[in-house]
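Before any comments, here is the structure.
Readers should treat all values here as calculations from the given coordinates under stated rules, not as data from a laboratory. Since the model is a prediction, treat every value here as computed from it, not as a measurement. As a convention, Cβ positions derive from the backbone with ideal geometry for all residues, glycine included, and neighbour counts pool all protein chains shown.
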Amino acid sequence: MPERILLQADYILTWDGELKLITQGEIVIEDSLITYLGSRQERPAENFGRVLKIRDSLVIPGFVNTHTHAAMALFRGYADDLSLQEWLQDKIWPAEAKLSSEDIYWGTLLAIAEMLKGGTTCFADMYFHMDEVARACLESGIRASLAQGLIGTDKIKGELGLRQSRSLVQNWHNEGEGRITVMLGPHAPYTCPPDYLYKVGELAGDLRVPIHIHLAETRREVEESRREHGKTPVELIAEVGLLEHDLLAAHCVHLAEADLGLLAAKNVAVAHNPGSNLKLGSGVAPVTELLQKGALVSLGTDGAASNNNLDLLEEMRLAALLQKGLREDPAAIPAETAFKMATVNGARALFLPAETGQLKVGAKADLAVLKIDKPHLSPPHSFLAHLVYSAAAADVYLVMVDGRVLMENGHLLTLDEEKILFEAPPRAQRLTE
Ligand SMILES: [Zn+2]
C-alpha cells in the first residue's frame with residue numbers, strides 16, 4: 001500500500017485552467033491522489049511516511065505521449081532516411097514479421113525505461129501481442145492506453161484482430177488500479193477498408209472504448225484516398241461513422257479546410273508527432289489552424305524507428321519551433337500551449353478521467369521532477385520557457401505515477417535497466433538480420 005508522501009520543491013509548474021507557478025511548494029500524496037498542493041506555510045501539520053525534499057527542483061505534471069509503438073524501440077537506428085512507404089514495406093514490415101511475443105515484451109520495457117527517465121508518465125500504444133505490452137506496463141507501474149493494431153485488408157486477419165481486441169478489452173481495460181486502459185486500433189484508412197472501419201466503430205460502441213488511428217499522415221495517402229474513394233481520409237472515416245466515437249487520430253498532417261472543421265466539430269483528439277513527421281519527410285501538421293478551429297491537439301513521439309527517441313521535451317520544442325518558422329510568426333504555439341499539449345491535452349486525448357494530466361488536489365499523482373541547478377536552466381527568468389526551449393530528458397530527476405515513485409535520481413525502481421539493456425540488443429539483431 002503506498003504511504004503518505006510529502007514532496008517539497010522549489011517550484012511547481014502546472015496548468016489547471018490557467019498556468020500556475022508555485023514557489024517553495026509542497027505536494028501531499030495519499031494513495032494515488034494529490035491531497036494538498038500549495039505553499040509550505042499553508043499546509044496543515046501532518047505525519048508522513050516519506051518526505052521527498054528535493055533541492056533545486058521543478059515539479060511538473062508527467063508528460064503524456066499520445067502516439068507510439070513502444071516495442072519499435074528494438075528498431076531504433078535500423079532504418080533511417082527513407083520515405084514512409086519504403087521504410088514500412090522494405091524494412092519495418094519484414095522485421096516485424098519476425099517479432100515474437102517475448103521480443104515485444106522486452107522492446108516495450110526498453111521504451112518504458114526511456115520514457116520514464118524522460119518524465120513521461122503515460123503513453124498510448126498501438127502494436128500487437130498487446131498482452132505482453134500490458135504485462136510490461138503493469139510491471140513498470142506506468143500508465144498506458146493500449147490498442148491492438150488492426151489491418152483490415154486481409155479478411156481473416158482482420159476478423160482475428162477484432163476478436164483479439166475484444167479480449168484485450170475484457171482482460172486489461174482498467175487493470176492495474178485503472179492505470180491500463182484499452183482502445184481499438186485500426187491502423188489507418190489505407191490498411192482498413194471502409195466496411196472494416198465500420199465494424200471497428202460498431203465494436204468500439206459495443207465495448208465503450210475509444211479508437212486510435214493513423215490519419216492523413218502523407219500527401220500520398222490523401223491523393224490515393226481521393227483517387228480510390230473520391231474523399232479525403234478524414235471524410236472517409238467520417239462516412240463510416242468513426243467520428244461519432246471517442247477518436248484519437250495520429251498525425252493529421254495533410255488536411256483540407258473541411259477536414260479541419262470536421263475534426264474540431266467532432267472533438268477528435270489529434271496526436272501531433274512533429275519529430276516523426278519531419279524524419280519521414282511527411283510534412284508539418286497544420287497545428288495552428290487546428291487550434292484556431294478549437295481542436296484538441298496533443299503530442300506523440302511515434303515509434304523510436306521513426307523519431308528516434310521517445311522524448312516529449314523534444315516534441316514540445318519541435319511543435320513550438322515548427323509553427324513559428326513555418327508561419328514566420330514567433331507568437332505561433334507559445335510555450336504555454338506547447339506545455340499544455342504535452343500534459344493536460346494528452347490526458348484528455350486518451351479520454352482518461354478528468355483527474356489525470358494536471359497537478360491539483362484530487363488529481364492522480366502523475367508527475368515529474370526536474371533538477372534546475374544546471375547552466376542551461378539558469379537564470380530563473382521563466383521555468384516555462386526553460387522547460388519548452390531548453391530542458392533535456394536528462395534533467396528529469398524523479399518520476400511518480402499513481403502516487404508511486406518509479407524513477408529517482410536516474411534509477412528505475414520497478415524495472416531492471418541492466419537486464420533490459422542486456423536482453424534487447426540481441427533480439428533486435430536477430431529481427432533485422
Ligand atoms: Zn504511428
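For a quick check of your reading of the filter: which GluC sites (Glu not before Pro) in segment 262-367 sit in a DSSP loop and have no more than 11 other Cβ atoms within 10 Å?
Glu328
Write out the GluC sites (Glu not before Pro) in segment 104-209 meeting two conditions: DSSP loop, and at most 16 other Cβ atoms within 10 Å of their Cβ.
Details: sites: Glu114, Glu132, Glu139, Glu159, Glu175, Glu177, Glu202; in loops: Glu177.
Sparse-neighbourhood loop GluC sites (Glu not before Pro): Glu177.
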*Choice from His411, His272, His229 showing the highest fluctuation, given a GNM over the chain with Cα pairs closer than 10 Å*: His229
*Between Ala250 and residues 5 or more places away or on another chain, which pairs have amide H atoms under 5 Å apart, with H built 1.01 Å from N, and which residues are they?*
Ile213, His214, Leu215, Ala271
_Connecting C-alpha atoms closer than 10 Å in a GNM of the chain, tell me which of Gly403, Gly141, Gly325 has the biggest fluctuation._
Gly325
_Explain nothing, just compute: Karplus ³J(HN,Hα) = 6.51 cos²θ - 1.76 cosθ + 1.60, θ = phi - 60°, for every residue of segment 104-116 in order, whole Hz, x for Gly and Pro._
5, 4, 6, x, 5, 4, 4, 5, 5, 4, 5, 5, 4
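Only loop residues by DSSP count here, and only those with at most 16 other Cβ atoms within 10 Å; note down the trypsin sites (Lys or Arg not before Pro) in segment 1-71 that meet that. Before the final figure, lay out the partial values.
Numbers: sites: Arg4, Lys20, Arg40, Arg50, Lys53, Arg55; in loops: Arg4, Arg40, Arg55.
Answer in residue order: Arg4, Arg40, Arg55.
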*Hey, what angle do you get for helix 219-229 against the long axis of the chain, alpha-carbon based, 0 to 90 degrees rounded to 10?*
40 degrees
*Under a straight-distance cross-link criterion of Cα-Cα below 16 Å, which aspartates and glutamates are reachable from Lys279, leaving out those fewer than 8 residues away in the same chain?*
Asp80, Asp81, Glu86, Glu217, Asp302, Asp311, Glu314, Glu315
*Taking 7 Å along the Cα-to-C-beta vector as the label spot, tell me the Asp80-Phe351 distance in nanometres, rounded to one decimal.*
3.7 nm
*Kindly identify segment 63-349 as rounded, prolate or oblate by the Cα gyration tensor criterion: order the square roots of the eigenvalues as a ≥ b ≥ c, call it rounded if a/c is under 1.5, otherwise compare a/b with b/c, prolate if a/b is larger, else oblate.*
rounded
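Exceeding 20 Å between C-alpha atoms, which entries from my cross-link table qualify? They are Lys293/Lys340; Lys293/Lys360; Lys340/Lys360; Lys91/Lys155; Lys340/Lys364; Lys98/Lys419. Intermediate values should be presented prior to the final figure.
Details: Lys293/Lys340 17 Å; Lys293/Lys360 28 Å; Lys340/Lys360 15 Å; Lys91/Lys155 24 Å; Lys340/Lys364 17 Å; Lys98/Lys419 22 Å.
The pairs that break the limit, which is 20 Å between Cα atoms, are Lys293/Lys360; Lys91/Lys155; Lys98/Lys419.
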_Is the C-alpha gyration tensor of segment 64-187 telling us rounded, prolate or oblate? Criteria: a/c under 1.5 is rounded; beyond that, a/b larger than b/c is prolate, otherwise oblate._
oblate
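Return the percentage of antiparallel bridges among DSSP beta bridges fully within the chain, rounded to the nearest 5 %.
Working: 33 of 69 bridges.
Roughly 50 percent of the DSSP beta bridges within the chain come out antiparallel.
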